[in-house]
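Where a number appears in this text, it was derived from the coordinates with a stated rule and is not lab data. For clarity, every value in this text was computed on a predicted model and none was experimentally measured. Positions of Cβ are backbone-derived with ideal geometry, glycine not excepted, and every protein chain shown enters the neighbour counts.
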Amino acid sequence: MNNSYVINYLGFSATVDSTALPKDQRQGIENFEKTKEEMWKSSVTPKIIQSDSTAGILGDLGLDVSISRRIVSSFEFSLAASLTAKKDNPNNKASASLVWRTPILHATNHVAGIRANISIQDDATQSLVFHDLSVRLFASVYLRPFEGIQPIFFTAGLDEASRIRTESGSPNYDDPRIHAQVQWGFIGLLGKGSAFHIDWTYWERLGNLGKPNIDPTEPKKRTFVALEFEYPIATDKNVTVKYADGSVAPTFSKSTSVQLGLQIFLGDWNLVGKE
């Protein structure tokens with residue numbers, strides 16, 4: 001049996017000693033990680049969403065899809081989509097990204113670490129009429145102030161984005177911005193396999209970097225917060241409850257939503273063989 005587990009976030013490999021954790025949390029960390037670098041990782045989550053833009057008492061039916069793979073030692077590809085029956089809802093999006101990371105520099109006893117990253121990412125609306133194509137230069141830091149809890153992850157950097165509208169006659173924009181993110185959570189909060197995640201993101205547009213062409217109708221600063229609880233009900237199946245508030249790329253339309261879903265892990269698909 002493994003004596004330690006690894007928690008990944010934005011490429012970090014923060015090791016947690018299982019002997020320092022309560023018994024119920026050990027399985028939770030193992031389920032949370034599910035990392036096999038040479039395999040595809042994927043999940044699908046049917047859900048019901050009640051949000052600002054939802055018409056109807058029960059809300060929209062939706063679907064979250066997530067696929068990722070470490071393609072070589074320093075690169076990772078991921079595709080994530082949040083879709084609903086209301087195709088024209090600006091908060092429905094798909095994101096495709098390719099991230100390159102430097103080796104992580106650990107502090108003593110892996111209490112902290114830092115890693116530089118570069119990514120190319122395309123955020124698109126479900127209707128594919130709006131794209132936010134960005135190149136991000138950022139650094140990720142993790143801190144583990146207490147033994148037996150999930151590390152706190154900090155990310156900060158610069159995005160240079162081309163905001164593209166595919167509709168005829170619609171203007172395109174150049175949108176440089178600062179991007180910061182903090183993520184923390186609890187593993188085994190309410191029993192084995194359960195997890196609670198907190199994610200806060202901040203963007204601030206820069207009007208004095210290069211030659212920006214910024215949409216004057218949009219706010220200079222944007223924030224987003226998401227609280228998500230997962231509880232296992234069967235092997236590779238979790239009930240999820242998520243609260244989200246704020247603005248996300250590509251439209252940055254402000255919205256508040258509550259989502260109830262069933263996350264199903266599809267397993268590791270060895271589609272292209274080992275590296």
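Remarks
- Surrounding net charge for Ala195, when Lys and Arg each add one and Asp and Glu each subtract one, Cβ distance under 10 Å: -2
- Loop chymotrypsin sites (Phe, Trp or Tyr not before Pro), segment 115-150, which have at most 13 other Cβ atoms in a 10 Å radius of their Cβ (DSSP): Phe146
- Neighbour-count order for Ile233, Ile152, Ile120, fewest beta carbons within 10 angstrom listed first: Ile233, Ile120, Ile152
- Greater than 19 Å apart at Cα, pairs in Lys47/Lys86; Lys221/Lys254; Lys220/Lys242: Lys220/Lys242
- Extended-chain gain in nm, criterion 0.36 nm per residue less alpha-carbon gap, Thr217 and Val111: 33.8 nm
- At q = 0.08, 0.12 Å⁻¹, base-10 log of I(q)/I(0) for segment 72-229 (Debye sum, equal scatterers on each alpha carbon): -0.30, -0.66
- Sequence of Thr235, Thr217, Thr45, Thr256 once ranked by neighbouring C-beta atoms within 10 Å, starting from the fewest: Thr217, Thr235, Thr256, Thr45
- Here each label is just a point 7 Å from Cα along the line to Cβ, and for Val135 and Glu167 those points are 2.9 nm apart.
- Ranking of Glu160, Glu76 by count of other Cβ atoms within 10 Å, fewest first: Glu160, Glu76
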